[in-house]
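The next block holds one structure in the form of structure tokens; read it before the comments.
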Amino acid sequence: MESNTLGQAFIFIFAGIVCVIVGFFLNRILGRQRTDQAHKDASGIRDLAQREAETTRKEAQLQAKDLLLKMRQDFEKETKERRDELTSMEKRVLQREENLDKRVDLLEKKEKDLSARLESLIRGEASIKQKDEELSKVLAQEKERLHTIANLSAEEAKRILLSRLDEELLNEKALRLRQMNEEIKETSDKKAREIISTAIQRCASDHTAETTISVVPLPSDEMKGRIIGREGRNIRTLEQATGVDIIIDDTPEAVTISGFDMARREVARMALEQLIVDGRIHPGRIEEVVEKAKAELEKKMKEDGERAAIELGIHGMHPELIKLVGRLRYRTSFGQNGLNHSIEVAKLMGIMAHQIGVDVKTAKRSGLLHDIGKVVSSDVEEGTHAIVGARLARKYGESEEVAYAVESHHGEVEMNTVYGILVSAADAISAARPGARAESMETYIKRLENLEKISNSFKGVEKSYALQAGREIRVVVMPEKVNDEEATVMARDIRKKIEEEMEYPGHIKVMVVREIRAIEYAK
């Protein structure tokens, strides 16, 4: 029994030893496998790190190249801008040098003329002195002769000599005065031609003839249908609110606005562009946008007037005069833009005033304001645009010299100041340049203005618009003052007055519009 127990113990010990030995070898084998796997993982991590490092290095190189390229482009751009600036400065310097050379030549020429005149005067003075001496000798001899031959008394001889001397001096004085008048006339004509030619050369203003149409681009042809509206109600509302013709034809992606009044045409253009951008096109919205466009145009006119005054260096002008000057932007004279014409006249006057030595600021103010009467002359019954313009200048605090220059520049009152003469000359120069004015355009516009003036003369008329190049006059009456029967009679009366007072080709359609709107607000 005891030997069996020992045998079992020995077996257990042996089994334990075997297990320890097997575990040891298994642990060695697994450890080696883990070590090999760790080496493999480390190698993979190292390769991945190398690849990422290579990728980062390449990205850094690309970024560096992009940065270098951008810096090079910026440098080239800056270099080009500076080169252009230097070129522009060089051109300005060359232009100034040319102007200085011209001024030097002109001064040298004037100096030579003055020297020649001075020498002529000196020679004339010497000649007169010599003649006085000769005359004194002749008088002494004559006195001696008379005293000796005629045995006259000294008083009688003196009286005879003085009477003869007076006659000779009177003849010589008349001759000298005639010569001086001729010389002054020749010199003044030459000087005037020099002043005018210099002013024309220095004032190189652009000029373009104004047209009677404006073109509004459309995003697509589908917008034409929206502008016309159902049964044409949108386009009728827009035409009635602005007083222009909206022409929608086969022209791709464009609408034409036709009208002789530039201000109305500009309001229509601004309103139509805003409606196209907004997308909401219906009668109520159209009227709202037209009113906003009118207010915006008034603001724009004021800015145009301020810009013109700043450009000419004119300060302290009344705000109402500034507005009237800005309104000239939307007036034409024989197709020539009113504001551009007034600015050009002011510049010409400033140049000529500087050359003849009168106040340049007064001259420029007179030139800028000389046509402001045209802005309101259609609303005033009495006076031409020159008389009305002078009245406005006095009303808003301009000096009497400026007002008189405006009043006299067309010769309706006598020109007794230099500024009136300068305005007349500068106005003629600006108007006479080739291409500045178009006679047929002015005649056409006058006919349309007369149409509207005849229509507005009737009682109860709110506003009237000449449309279709003068083939239609549309008259809007106040419904509370004119009923339907009176509107019919008014159309006939307007037609008769047009036939009696105007000459025109073809036929003119007279349309009297009476519209009543009932408006209530739900609260």
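The values are calculated or read from the model by the stated rules, or taken from the named source; none is laboratory data. Computed from a predicted structure; not experimentally measured. Heads up, the Cβs are rebuilt from the backbone with ideal geometry, glycines too, and the neighbour counts pull from every protein chain shown. Calculation scope for accessible area: heavy atoms of the full protein, side chains included, ligands and nucleic acids excluded. Shrake-Rupley method; radii C 1.70, N 1.55, O 1.52, S 1.80 Å.
If you filter the stretch 411-431 down to residues that are aliphatic (A, V, I, L, M) and under 14 Å from ALA390 (Cα atoms), you find that the one that is nearest to the chain's Cα centre (by Cα) is VAL423. Looking at (1) open to solvent by 20 Å² or more (accessible area, probe 1.4 Å); (2) under 25 Å from THR256 (Cα atoms); (3) at pLDDT 85 or above, which is the one condition that is false for VAL475? Among (1) open to solvent by 20 Å² or more (accessible area, probe 1.4 Å); (2) under 25 Å from THR256 (Cα atoms); (3) at pLDDT 85 or above, the lone unmet condition for VAL475 is (1).
This table checks each residue for (1) assigned to a helix (DSSP H, G or I); (2) modelled with pLDDT of 85 or more; (3) surrounded by fewer than 10 Cβ atoms within 10 Å (Cβ to Cβ); (4) among the hydroxyl-bearing types (Ser, Thr, Tyr).
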residue	(1), (2), (3), (4)
THR79	yes, yes, no, yes
ASP101	yes, yes, no, no
LEU106	yes, yes, no, no
ARG117	yes, no, no, no
LEU121	yes, no, no, no
ALA126	yes, no, no, no
ILE160	yes, no, no, no
ASN171	yes, no, no, no
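Name the residue that is least open to solvent (accessible area, probe 1.4 Å), counting only residues in the stretch 502-522 that are assigned to a loop (DSSP other than H, G, I, E, B), among the β-branched types (Val, Ile, Thr) and at pLDDT 75 or above. Residue satisfying both the conditions and the ranking: ILE508. Against the list (1) modelled with pLDDT of 85 or more; (2) touching a strand residue (DSSP E or B) at 6+ places or on another chain (Cβ under 9 Å); (3) surrounded by 15 or more Cβ atoms within 10 Å (Cβ to Cβ), the condition ARG226 fails is (2). Can we say LYS58 is open to solvent by 100 Å² or more (accessible area, probe 1.4 Å) and at pLDDT 85 or above? Yes; evaluated as a whole, the condition is true for this residue.
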